[in-house]
1. With a 1.4 Å probe and all protein chains kept in place, how do Leu27, Leu62 rank by accessible area, largest first?
2. In the chain, with Lys and Arg counted as +1 and Asp and Glu as -1 at Cβ, which of these residues, Tyr108, Gly148, Ala123, has the Cα nearest the positive end of the dipole, that is, farthest along it?
3. Mind checking the angle between helix 144-181 and the chain's longest principal axis? C-alpha axes, 0 to 90 degrees, to the nearest 10.
4. Leaving out ligands and nucleic acids, note down the accessible area per residue over the chain with a 1.4 angstrom probe, in whole Å².
5. In whole Å, largest first, what are the principal axis extents of the Cα atoms in the chain?
6. Lysine pairs in the chain with alpha-carbon atoms under 26 Å apart, 8 or more places apart or on different chains: how many are there?
7. Place a +1 charge on the Cβ of each Lys and Arg in the stretch 80-187 and a -1 charge on the Cβ of each Asp and Glu, then give the dipole magnitude about the Cα centre in debye, rounded to the nearest 20.
8. Give me the extension gain from Ala44 to Glu91: residue separation times 0.36 nm, minus the current Cα-Cα distance, reported in nm with one decimal.
Amino acid sequence: MEVTAAYVTTAASWFSELAEYQKSLDLEGIFDPMVLLSRSERQAARNKVDCVARALEKYKQLYQSFMVNYHRDLLACASALPEAEKAAIREPMVAKLQDHLSEQAYFYQLRERWIAAVRGLIAIFDTHGKRICFDGELFLFEDNDELGHFIGLLTEIDEVAATETVLMEARALRMKERAGVLGIRIR
């Protein structure tokens with residue numbers, strides 16, 4: 001229980017730190033028309049996306065070592081148990097590990113799709129900016145193919161964000177439930 005409690009506390013802290021860091025970047029601001037229309041603002045937006053990409057890579061490394069160390073420590077705690085009890089613990093643990101790794105890989109894939117789509121959106125304004133204007137409410141494109149590409153990227157960004165939100169809310173709920181069982185309070 002102590003090992004699990006320590007790891008749940010660490011995981012909750014990382015989860016919270018990543019969310020707060022991304023919030024501090026004001027990623028929604030990237031989609032402001034004035035940002036997309038300004039070369040210098042687009043560069044600032046690209047820098048924010050690069051920060052997200054670097055944070056994701058750091059998080060991947062932390063998570064990988066976290067999962068290895070957590071399961072190693074759990075198995076070490078179980079080593080004193082009789083063989084039948086070890087086997088009863090090991091099989092569900094391996095299955096749960098696979099579930100966590102699959103979910104985490106899906107999260108990485110989503111985040112990488114979001115990064116690529118936002119970079120693509122910014123690039124539209126770098127290459128076609130003179131053929132795009134903003135009338136105060138809508139972007140107007142001279143070329144329908146460019147408009148279609150723009151809409152496709154916005155749709156991708158929205159779909160990924162919605163899916164990530166559901167995934168993260170489910171994960172946060174599971175972490176709170178597990179923490180509650182261990183007597184840990186997570187905000």
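The values are calculated or read from the model by the stated rules, or taken from the named source; none is laboratory data. A quick note: this is a predicted structure, and the numbers were derived from the prediction, not measured. Here the Cβ positions follow ideal geometry from the backbone for every residue, glycine too, while neighbour counts run over all protein chains shown. Ligands, DNA and RNA are excluded from the accessible area calculation, which covers all protein heavy atoms including side chains. Shrake-Rupley method; radii C 1.70, N 1.55, O 1.52, S 1.80 Å.
1. Leu62, Leu27
2. Positive-end residue among those listed: Tyr108.
3. 20 degrees
4. Solvent-accessible surface per residue comes out at 61 Å².
5. 73, 28, 23
6. The number of close lysine pairs in the chain is 13.
7. Working: 14 positive and 19 negative charges, 183 e Å.
Roughly 880 debye, rounded to the nearest 20.
8. 12.1 nm
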